[in-house]
Number of protein chains: 2
Amino acid sequence: MITFHDIEDAYRIVKPVVHKTPLLGSRTLDERVGNEVLFKAENLQRIGAFKIRGAYYKIASLSEEERKRGIVAHSSGNHAQGVALAAKLLGTKAVVVMPKSSPPNKVAGTQGYGAEVVFCEDSSDDRERVAKELQERHGYVPVPPFDDDKIIAGQGTATVEIAQDIRELDYLFVPVGGGGLIAGNAVAAKHLFPNIKVIGVETEPANDCQQSFRKKEIVRINPPNTIADGMRTQAVGKRNFEIILQYVDDMITVTDDQVIEMMRFFLERMKIVVEPTGAVAPAAIYHNVLGLSGKKLCAIISGGNVDPALLKKIL
Amino acid sequence: MITFHDIEDAYRIVKPVVHKTPLLGSRTLDERVGNEVLFKAENLQRIGAFKIRGAYYKIASLSEEERKRGIVAHSSGNHAQGVALAAKLLGTKAVVVMPKSSPPNKVAGTQGYGAEVVFCEDSSDDRERVAKELQERHGYVPVPPFDDDKIIAGQGTATVEIAQDIRELDYLFVPVGGGGLIAGNAVAAKHLFPNIKVIGVETEPANDCQQSFRKKEIVRINPPNTIADGMRTQAVGKRNFEIILQYVDDMITVTDDQVIEMMRFFLERMKIVVEPTGAVAPAAIYHNVLGLSGKKLCAIISGGNVDPALLKKIL
């Protein structure tokens, strides 16, 4: 299991490459919910999502020989773009397996950074199968989307930046897809803010991690039908789940409608574009799912790569 | 004419009230234009625009007796919201005269902060006439939108924050409506970055300040038909113009289409919502109107209060 020391190592490597994203607040929201709220705006990160942190650290940690072979990844969207850009920056060939239903803007972004995209069926199983085949046939090195110590450590660097900007924090809300983001940031948060509570958030249809958390073993669900496309993973990673059991205080859910309302508030009041998955953790604050008051809360906005057609619909 | 000392005074007063807005960059844009570019994101400011800076400083500078009488302002949009919020924070009654064609979201915002809105015809002349009447009839204290030393000093605090975040800057691009923003920020910029060039930017139909700058006297134009609703002022203020002649290096223009292209880039690539006027100075960089290369450039995004209907059209 990784420690805060691993996240510090990761931060030294990714710092020159990632944007230090701002913490954004809204007094209107503070008044509405009766807490002091800040959002870590990873939608303003390079590639429009936090995924560049883990992907860059992972590929930078490969040996020269491995980087010469090229890498293969599978992802419904943002990890694909993170891997594509990281590989480009590090001079490595990247092949990315994406489900056919991936948002077109994420596919275009991945190709735009110079990666080769191979399409597969929509299940997590099929993605893994196709990526495995490519790996075996061409000798590509796999860059997994979440269940990997380097990836976890890289994602955790977001909270290192949070702690540079604020000294006290009572709660950190993090969206949970495969669990890499929450694993890394839970480890960092518990080290940097000793009394903090770390809360994982999913949409109701994609609550596999909440089920797993309660059962204390990984539960695998069918591909969930949710607006949060980053949560269409069917189960969290093993390494992530170990960390979640040890460091995460609770797993909660919001509805797709609550996510949409949050996205609209971001657009109309806070002037930022947030993708559905990115609005999941903030929605738990906006709708005060935990019934908190007078606390200092932070939620990670995981990304902003929303399809213009969906954005239009939301407006 | 104000000096940097006045802006320092203003900063002490507004600092606890305004957001310190981030400087946002995009490597994609840097590569496109061959310069290092940062945007001062005043669209992420309270009320969604820089106007809270000047309005708050102005109203905070009134005597207790004046604040008891209440204040009156006229504005096509963001100054209205700035005045409304500032008055609310300072416990003062606010009446705001707005042209009938003001974007509905800006009217709603102004009323939402508790100000009374009185509608007028669309010309600057009529706004001023109606505000004057209210002032005489009720004894309200006028809070002008731009031609006022306190307002100018307040707006200039944006560049105080820029200088906290970066040490070197070759060019600052600022949008010009009534000229308050550029006046304050030109004074601050020339003090904080001694070799900087300050460039004012208008849309072509609203180029009254460019004409004035070339003629060295204030030129008044008919209400211009431009997408940048914050530039529908017909002439710059006298105090602002004095400063512009002394501190601004050039006045340039962009087309409405260039502004729309910039707005789309902000939405799709940088994940921020920017109103047309807010995209004017950035558009001069995006389209490299001055043909610069290898320079450090900053443009002020003046606001993000765009009507959802227009946003939809742009998407």
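Descriptive notes on the structure:
- Remark: pairs (first residue in the stretch A:6-21, within 14 Å of A:Gln164 (Cβ to Cβ); second residue open to solvent by 50 Å² or more (accessible area, probe 1.4 Å) and acidic (Asp, Glu); Cβ separation under 9 Å; 6+ apart in sequence or on different chains) = A:Lys20/A:Asp165.
- Residues of the stretch A:1-33 classified as within 11 Å of another protein chain (Cβ to nearest Cβ) and over 19 Å from the mean Cα position of the chain (by Cα), total: 4
- A count restricted to the stretch B:34-84 and to residues that are assigned to a loop (DSSP other than H, G, I, E, B), within 13 Å of another protein chain (Cβ to nearest Cβ) and in contact with a Pro (Cβ under 8 Å, 6 or more places away or on another chain) stands at 0.
- Of the residues B:Met231, B:Met263, the single one that is closer than 18 Å to B:Gly304 by Cβ and at pLDDT below 95 is B:Met231.
- Odd one out for B:Lys216 among (1) surrounded by fewer than 24 Cβ atoms within 10 Å (Cβ to Cβ); (2) on the phi < 0 side of the Ramachandran plot: (2)
- Single condition B:Pro194 does not satisfy, out of (1) modelled with pLDDT of 95 or more; (2) open to solvent by 60 Å² or more (accessible area, probe 1.4 Å): (1)
- Taking the listed residues B:Met251, B:Met263, the one that is over 15 Å from the mean Cα position of the chain (by Cα), within 14 Å of another protein chain (Cβ to nearest Cβ) and open to solvent by less than 20 Å² (accessible area, probe 1.4 Å) is B:Met263, with no other qualifying.
- Residues of the stretch B:3-18 satisfying the condition of being outside any helix (DSSP H, G or I) and β-branched (Val, Ile, Thr): B:Thr3, B:Val17, B:Val18
- Looking across the stretch B:88-128, the residues that are assigned to a helix (DSSP H, G or I) and either farther than 25 Å from B:Val176 by Cα or among the β-branched types (Val, Ile, Thr) (or both) come down to B:Lys88, B:Leu89, B:Val107, B:Thr110, B:Gln111, B:Gly112.
- Within the stretch A:36-66, the set of residues being out of contact with any helix residue (DSSP H, G or I) (no Cβ under 7 Å at 6 or more places or on another chain) and more than 15 Å from B:Ser26 (Cβ to Cβ) comprises A:Leu38, A:Leu62, A:Ser63, A:Glu64, A:Glu65, A:Glu66.
- When the stretch A:44-85 is filtered for residues that are out of contact with any Ser or Thr (no Cβ under 8 Å at 6 or more places or on another chain), hydrophobic (A, V, I, L, M, F, W, C) and surrounded by 24 or more Cβ atoms within 10 Å (Cβ to Cβ), the ones remaining, listed by number, are A:Ile47, A:Ile52, A:Ala55, A:Val72, A:Ala73, A:Leu85.
- Taking the numbered list (1) of a type in the set (D, E, K, R); (2) open to solvent by less than 70 Å² (accessible area, probe 1.4 Å); (3) touching a Pro at 6+ places or on another chain (Cβ under 9 Å) in turn, A:Asp122 passes all entries but (2).
- Selection of the stretch A:144-195 for residues being within 16 Å of the chain's Cα centre (by Cα), part of a helix (DSSP H, G or I) and not hydrophobic (A, V, I, L, M, F, W, C) yields A:Asp149, A:Lys150, A:Gly154, A:Gln155, A:Thr157, A:Thr159, A:Glu161, A:Gly180, A:Gly184, A:Asn185.
- Scan of the stretch B:268-315 for residues that are open to solvent by less than 30 Å² (accessible area, probe 1.4 Å), assigned to a strand (DSSP E or B) and either more than 12 Å from chain A (Cβ to nearest Cβ) or not aliphatic (A, V, I, L, M) (or both), ordered by number: B:Leu297, B:Cys298, B:Ala299, B:Ile300, B:Gly303
- Of the residues examined, A:Gly237 is not one that is buried (at least 17 other Cβ atoms within 10 Å of the Cβ) and within 14 Å of chain B (Cβ to nearest Cβ).
- Close pairs (9 angstrom Cβ cut-off, 6 or more residues apart or separate chains): within 17 Å of A:Pro282 (Cβ to Cβ) in the stretch A:237-264, surrounded by fewer than 17 Cβ atoms within 10 Å (Cβ to Cβ) and of a type in the set (Asp, Glu) anywhere: A:Thr253/A:Glu204; A:Val254/A:Glu204; A:Thr255/A:Glu204; A:Asp256/A:Glu204
- The residue pairs whose first member lies in the stretch A:88-116 and is at positive phi, whose second member is open to solvent by 40 Å² or more (accessible area, probe 1.4 Å), and whose beta carbons are closer than 8 Å, counting only pairs six or more residues apart or on different chains, are A:Gly91/A:Arg67; A:Gly114/A:Lys88.
- Of all positions in the stretch A:256-266, none carries a residue that is touching a Leu at 6+ places or on another chain (Cβ under 6 Å) and not in a loop (DSSP other than H, G, I, E, B).
- Hits in the stretch B:268-314 (condition: farther than 18 Å from B:Glu202 by Cβ, of a type in the set (D, E, K, R) and in contact with a Gly (Cβ under 6 Å, 6 or more places away or on another chain)): B:Lys271
- Selection within the stretch B:216-247 - of a type in the set (A, V, I, L, M) and in a helix (DSSP H, G or I): B:Met231, B:Ile243, B:Ile244, B:Leu245
The values are calculated or read from the model by the stated rules, or taken from the named source; none is laboratory data. The shown structure was predicted, so the numbers you read here are calculated from the model rather than taken from an experiment. Cβ sites come from the backbone with ideal geometry, for glycine too, and all protein chains shown count toward neighbours. In case anyone asks, the SASA skips ligands and DNA or RNA and just uses the protein heavy atoms, side chains included. Shrake-Rupley method; radii C 1.70, N 1.55, O 1.52, S 1.80 Å.
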